[in-house]
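The values are calculated or read from the model by the stated rules, or taken from the named source; none is laboratory data. As the structure is a computational prediction, the values presented were derived from the model and not from experiment. Using ideal geometry, Cβ is built from the backbone for each residue, glycine included, and neighbour counts are taken over all protein chains shown.
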Amino acid sequence: MLGRALAETWRGVLVWTLALTAVMMLYLSLYPSIGLDGQMADLLSTLPSSLVNTLGFDQIATGAGYAQATFYGLLGFVLPTVAAIGWGAGAVAGAEEQGRLELDLAHAVSRAGYVTGQAVALLTRLAWLAAYTGLLMLLVSGPFELELDAANIVPQATAALGLWLFGGATALCVGSLTGRRAAAVGAGALVAAAGFLFNGVANQNDDFDVLRAFSPYSWAYHDAPLTNGWTEGLLPLWAGVTVLLAGAVVALTRRDLRG
């Protein structure tokens, strides 16, 4: 299951890799021209403070804060999350709607083994994207004058991987539970959007700080791993991923497949 899943999606992984490369190079290459001569502060002063706080742009005076806010916090979050949700939704629910799941299970493949293989394939694809973007971030740190701490690249990549995987694992779990791709995609998108929204609202006012407890986005990025290294938020983030992946296995093993 693992080998086939990876073989069937390598072209998609390549496309997402190229897309993330383009986004990173576009955003980070601007830092030397606008981040070091006061233009950044002037630009931020023209924007509404609520928008600046929501997007985390209040931290972009430093190279690590700029990379976090402009890449990892925006398209570097959206694009891999979209990929993860699509892969997670197609793994079980998509295969079931196509009639392919029943065929695979009829060939001496256990349900638990099937979901586990799909989950490992999902993790492998996203781990590649996380490792690649982390390495590329390290390589451009000098030329783009970001001055990143190399020791914080791994914690940042781990946080990004957990956040992306959270959306994909949600889609995989709901797909295993319902057998419907639309429900799986909707659940994954809802979790990702809600996490971003809760984080943004919490950034507006300390009275809403409690929302961070329900936001995978906050778990991953609120304590700024690219600046501060390993953070406590990684614990609930990866615990949630583990629960969702285990739930996907349990859900499929206990459900009657649709005919």
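Scanning region 109-138 for residues that are in a helix (DSSP H, G or I), among the small types (Gly, Ala, Ser) and closer than 19 Å to GLY175 by Cα yields ALA112, GLY113, GLY117, ALA119, ALA121. Being surrounded by 19 or more Cβ atoms within 10 Å (Cβ to Cβ) and over 14 Å from THR158 (Cβ atoms) holds for only one residue in LEU237, LEU245, LEU257, LEU226, and it is LEU245.
Counting only helices (runs of 4 or more DSSP H) that sit wholly inside region 1-108, those with at least 3 residues that are closer than 16 Å to ARG125 by Cβ and either more than 25 Å from the chain's Cα centre (by Cα) or at pLDDT below 95 (or both) are 2-28. The set of residues from region 136-161 being of a type in the set (Gly, Ala, Ser), in contact (Cβ under 8 Å) with a residue 60 or more places away in the chain and surrounded by fewer than 24 Cβ atoms within 10 Å (Cβ to Cβ) comprises SER141, ALA151. When we screen GLY240, GLY188 for residues that are in contact (Cβ under 8 Å) with a residue 60 or more places away in the chain and in contact with a Phe, Trp or Tyr (Cβ under 8 Å, 6 or more places away or on another chain), the only hit is GLY240. Taking the conditions (1) of a type in the set (Lys, Arg); (2) in contact with a His (Cβ under 8 Å, 6 or more places away or on another chain); (3) touching a residue at least 24 places away in the same chain (Cβ under 8 Å) in turn, ARG180 satisfies each one other than (2).
Take THR133 and tell me if it is under 19 Å from the mean Cα position of the chain (by Cα), in contact (Cβ under 8 Å) with a residue 40 or more places away in the chain and either surrounded by 24 or more Cβ atoms within 10 Å (Cβ to Cβ) or closer than 30 Å to LEU101 by Cα (or both).
On the way: under 19 Å from the mean Cα position of the chain (by Cα): yes; in contact (Cβ under 8 Å) with a residue 40 or more places away in the chain: yes; either surrounded by 24 or more Cβ atoms within 10 Å (Cβ to Cβ) or closer than 30 Å to LEU101 by Cα (or both): yes.
The answer is yes for THR133.
Among the residues making up region 142-153, those that are in contact with a Gly (Cβ under 7 Å, 6 or more places away or on another chain) and either hydroxyl-bearing (Ser, Thr, Tyr) or in a helix (DSSP H, G or I) (or both) are ALA151, ASN152, ILE153.
Of all residues in region 202-234, those that are in contact (Cβ under 8 Å) with a residue 12 or more places away in the chain and under 27 Å from ASP149 (Cα atoms) total 20. Taking helices (runs of 4 or more DSSP H) as the structural unit, no element lying wholly within region 162-259 holds at least 3 residues that are touching an Asp or Glu at 6+ places or on another chain (Cβ under 7 Å).
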